[in-house]
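Just below is one structure, and these are the notes that go with it.
The values are calculated or read from the model by the stated rules, or taken from the named source; none is laboratory data. Note that the structure is a prediction, hence the values are computed from the model and not measured. Here Cβ is always computed from backbone atoms with ideal geometry, including for glycine, and neighbour counts include all displayed protein chains. These area figures cover heavy atoms from the full protein model, side chains too; ligands, DNA and RNA do not enter into them. Shrake-Rupley method; radii C 1.70, N 1.55, O 1.52, S 1.80 Å.
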Amino acid sequence: MKAAACAFPGDFGLTTRLVHTVAVDSDDSVWFGTASGVFRYEENTWGKEVQDSIFFPGINYINAIEIDKDNRVWLGTQGAGIRASPAVNDCR
């Protein structure tokens, strides 16, 4: 019998247990907005995606994540406004 749900402890891939928002993009990556940044779960691999990167400077506390029709990731933050990943080869 397949499990109805799986629990991922904080040391499994997230650096915090405080998750505010979750979104799934068109590539089936699962995005988690937390009190310590944005994490992505893709093909059984966890990664911290946002840590003062060129696309998301100075943000850690994520309140909202939305994925638009172009698979662009939009973040609502606490203290750093709204951020969006660039569309393919488009950084306006």
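Name the residue that is modelled with the lowest pLDDT, counting only residues in region 26-47 that are buried (at least 16 other Cβ atoms within 10 Å of the Cβ), assigned to a strand (DSSP E or B) and among the small types (Gly, Ala, Ser).
Gly37
Within region 25-46, can you find the residues that are of a type outside the set (Ser, Thr, Tyr) and under 9 Å from the mean Cα position of the chain (by Cα)?
Those that are of a type outside the set (Ser, Thr, Tyr) and under 9 Å from the mean Cα position of the chain (by Cα): Val30, Trp31, Phe32, Gly33, Gly37, Val38, Phe39, Arg40.
Mind listing just one residue for me: the one in region 53-92 that is at pLDDT 85 or above and basic (Lys, Arg) and, of those, farthest from Ser36 (Cα to Cα)?
Checked region 53-92; the qualifying residue farthest from Ser36 (Cα to Cα) is Lys69.
Going through Val22, Val50 one at a time, which residue ends up being open to solvent by 60 Å² or more (accessible area, probe 1.4 Å) and either part of a loop (DSSP other than H, G, I, E, B) or at pLDDT 90 or above (or both)?
Val22
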